[in-house]
Amino acid sequence: MLRNIGAVLAGLLVGACANMALVMANMMAFPPPGALDMADPVAFAAYVAGLPARAFVVPVLAHLTQAALGGWLAARLAGSRPRELAMVVGVLTVMGSVQNMATIGGPAWMWAELPLELALAWGAGGLELRRRARAGDRGTAPG
């Protein structure tokens, strides 16, 4: 059980780091005003509201990357139930995306990413299940 908890935490951490790296790179392409206080949700929401639609493509990819990469890592490190652990990361990613969209905003089409986040986490868990099945066919220990 501790291994599975650690797997989920590692997946969340690595996925979140990948997400933030992409978002920060996107902010270099669409820089905020110099006086923007990133901790002020009203000011940050106003900055986001002024962005063109194309500025949201990379954040969507960042969220999808978090679900896929984090889900895969959780599944890979899992002692058991790799798909379920990948889905834990996927569900938590969706929850974070919903919170961001509800508080920060963005174009309505971004809501379409939510089922994709779950699908990518599901697929990441499936990749690990297939890897373990192949490893078992060769007589080696999975995991």
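The values are calculated or read from the model by the stated rules, or taken from the named source; none is laboratory data. Worth saying up front: this structure is predicted, and the values here are computed from it rather than measured. As a convention, Cβ positions derive from the backbone with ideal geometry for all residues, glycine included, and neighbour counts pool all protein chains shown. These accessible areas exclude ligands, DNA and RNA; they are computed on the full protein's heavy atoms, side chains included. Shrake-Rupley method; radii C 1.70, N 1.55, O 1.52, S 1.80 Å.
Quick notes
- Carbon/sulfur fraction of accessible area - the chain, other protein chains in place, 1.4 Å, %: 72 percent
- Loop sites in the range 18-80: chymotrypsin sites (Phe, Trp or Tyr not before Pro), DSSP, at most 15 other Cβ within 10 Å: none
- Helix 82-103 and the long axis of the chain differ in direction by around 10°, with both axes built from C-alpha atoms.
- Prolate/oblate/rounded call for the chain, Cα gyration tensor, a/c under 1.5 rounded: prolate
- Helix 2-29 vs. the chain, principal-axis angle (Cα, 0 to 90°, nearest 10): 30 degrees
- Options 90, 56, 80, ranked by Cα towards positive dipole end of the range 1-106, top entry (Cβ charges): 80
- Given +1 at the Cβ of Lys and Arg, -1 at the Cβ of Asp and Glu and no other charges, the dipole of the chain around its Cα centre is 780 debye to the nearest 20.
- With all protein chains kept in place, the per residue accessible area of the chain amounts to 55 square angstrom at a probe of 1.4 angstrom.
- Contact order relative to length of the chain, as percent, for alpha carbon pairs under 8 angstrom and 6 or more apart: 31 percent
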